[in-house]
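The values are calculated or read from the model by the stated rules, or taken from the named source; none is laboratory data. Please read all numbers here as calculations on a predicted model, not as lab measurements. Counting neighbours? That spans all protein chains shown, and the Cβs are built from the backbone with ideal geometry, glycine included.
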Amino acid sequence: MVVRRGGLIRRMVRRALRWAAFAVLVVSTTVLALRWVNPPVTWLMASEWWRLGAIEREWRALPAMSPYLPLSAVAAEDADFCGHSGFDFAGIRAALADDTRLRGGSTISQQVAKNVFLWPARSWSRKGLEAGFTVLIEILWPKRRILEVYLNVAEFDAGVFGVEAASRRYFGVGAADVGPQRAARLMAVLPDPRHRSPVSGTAFIRRRGAAIESGAATIREDGRADCFL
């Protein structure tokens, strides 16, 4: 039997395209399902459970949280959350201009993509996958769902995930009862929750918390919270 090179290459290309289409379908279906189904576990949660032997987490729906928590999260991490389609292009350009800078300009949507679907190590390959998941999340999820998932999977201390577990750990109350100052100081520990504490009383936490609290009030007043409140 004679196998021609051109025919073999075409068959290989068709097979690769079919597998790629199947992979896209599986990934898209998974992302769509998580619009309604809460992520059972993330890569970081699993690794912390393995390292520590246990983790603290309790899912809390966005309407059951104090509004100061999503407001403070947006003020701290992504002030234009309601206005962008998943990416902070100014931040991305700054990161690309510096070959040594792998983080920077990450929106809440990008952080959800990383936290839920990927691993925490910094690399350009992971950032590329993160971009693809971010596009799907923005297309398939409403903004309220994106923020809800973010607030439930973010790490606030070693092995402490989500605002419900964090509020109980630090303040002794549920996420529904957190006021503006506490919410702001909780978000002030990001993105370094293992070396910061919202109840430490350090000058940084006080200063950063005050800035977040002020920013949250401004975002609420000027309409930049309309997509999630």
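Scanning the range 104-116 turns up one or more residues that are at pLDDT below 70 and surrounded by 13 or more Cβ atoms within 10 Å (Cβ to Cβ). For beta carbons closer than 9 Å, sequence separation of 6+ or different chains, a first residue in the range 215-227 that is on the phi > 0 side of the Ramachandran plot and a second that is not in a helix (DSSP H, G or I), the qualifying pairs are G223/C82. One residue alone among A176, A94, A188, A154 is at pLDDT below 95 and out of contact with any Asp or Glu (no Cβ under 8 Å at 6 or more places or on another chain), and that residue is A94.
Considering only residues in the range 117-130 that are exposed (fewer than 14 other Cβ atoms within 10 Å of the Cβ) and part of a helix (DSSP H, G or I), the one that is nearest to the chain's Cα centre (by Cα) turns out to be G128. Based on this model, can you work out whether I139 counts as buried (at least 23 other Cβ atoms within 10 Å of the Cβ) and in a helix (DSSP H, G or I)? It is false that I139 is buried (at least 23 other Cβ atoms within 10 Å of the Cβ) and in a helix (DSSP H, G or I). Among the criteria (1) buried (at least 24 other Cβ atoms within 10 Å of the Cβ); (2) closer than 19 Å to A217 by Cα, the one Q181 does not fulfil is (1).
Determine, yes or no, whether D88 is modelled with pLDDT under 90 and over 13 Å from I146 (Cα atoms). The answer is yes for D88. Screening the candidates F228, F204 for the property of being outside the structural domain of A79 (by TED's automatic domain parsing), at pLDDT 95 or above and either closer than 17 Å to A61 by Cβ or surrounded by fewer than 17 Cβ atoms within 10 Å (Cβ to Cβ) (or both) yields one hit, F228. Among residues of the range 142-158 being among the charged types (D, E, K, R) and assigned to a helix (DSSP H, G or I), the one that is surrounded by the most Cβ atoms within 10 Å (Cβ to Cβ) is E148. The set of residues from the range 44-66 being more than 18 Å from the chain's Cα centre (by Cα) and either under 14 Å from D177 (Cβ atoms) or crowded, with 20+ Cβ neighbours inside 10 Å (or both) comprises I55, A64, S66. Within the range 183-209, the set of residues being closer than 22 Å to D80 by Cα, in a helix (DSSP H, G or I) and either touching a helix residue (DSSP H, G or I) at 6+ places or on another chain (Cβ under 7 Å) or free of Cβ contacts under 8 Å to residues at least 12 places away in the same chain (or both) comprises A183, A184, R185, L186, M187, R207, G209.
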